[in-house]
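S.K.: My questions will all concern the structure given below.
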């Protein structure tokens with residue numbers, strides 16, 4: 001239905017002499033980046049610019065990860081650009097899995113906060129100070145937080 005709507009809008013713009021306008025012009029610039037990525041991908045999909053199968057999207061995610069790794073390994077100034085490509089392709093993959101990536105990230109944020117606060121609380125009970133602990137010591141509390 002969304003695809004048909006985008007095609008109809010494009011057809012109407014073309015009839016009105018507005019065929020030079022971009023399909024993506026309807027995406028507000030001020031949106032948060034993740035929401036904007038979702039909207040951009042929806043608009044592109046609406047005119048048929050989309051992958052056919054989620055496996056293709058996963059291959060693109062892997063390709064973008066390799067490109068990021070290459071730029072990081074080489075110390076390139078394109079690291080941020082490549083990281084953005086990875087994030088954009090992951091948002092696209094989430095769409096294929098029918099997962100809201102913003103909600104998925106928020107759930108992970110909450111989970112991280114709970115686990116980190118467990119680490120803080122339990123290490124404090126043991127008389128430990130986070131800044132004085134090794135990563136391995138903190139990780140032991142982190143692993144316990146997963147079953148608490």
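S.K.: How do the helices (runs of 4 or more DSSP H) wholly within the stretch 15-117 filter down when requiring 3 or more residues that are loosely packed, with under 12 Cβ neighbours inside 10 Å: which remain?
M.R.: Details: elements: 33-46, 54-74, 79-96.
Those helices (runs of 4 or more DSSP H) span 54-74.
S.K.: Now a separate question. Write out, first by first residue and then by second, each pair whose Cβ atoms fall under 9 Å of each other, whose residues are 6+ apart or on separate chains, and whose first residue, in the stretch 129-148, is under 15 Å from residue 113 (Cβ atoms) while the second is exposed (fewer than 11 other Cβ atoms within 10 Å of the Cβ).
M.R.: Going by the 9 Å Cβ cut-off, the qualifying pairs are 141/126.
Every number here is computed from the coordinates shown, using simple stated rules; none is lab data. Bear in mind the structure is a predicted one, so any value in this text is a computation, not a measurement. Cβ coordinates were reconstructed from backbone atoms using ideal geometry, including for glycine residues, and neighbour counts include every protein chain displayed.
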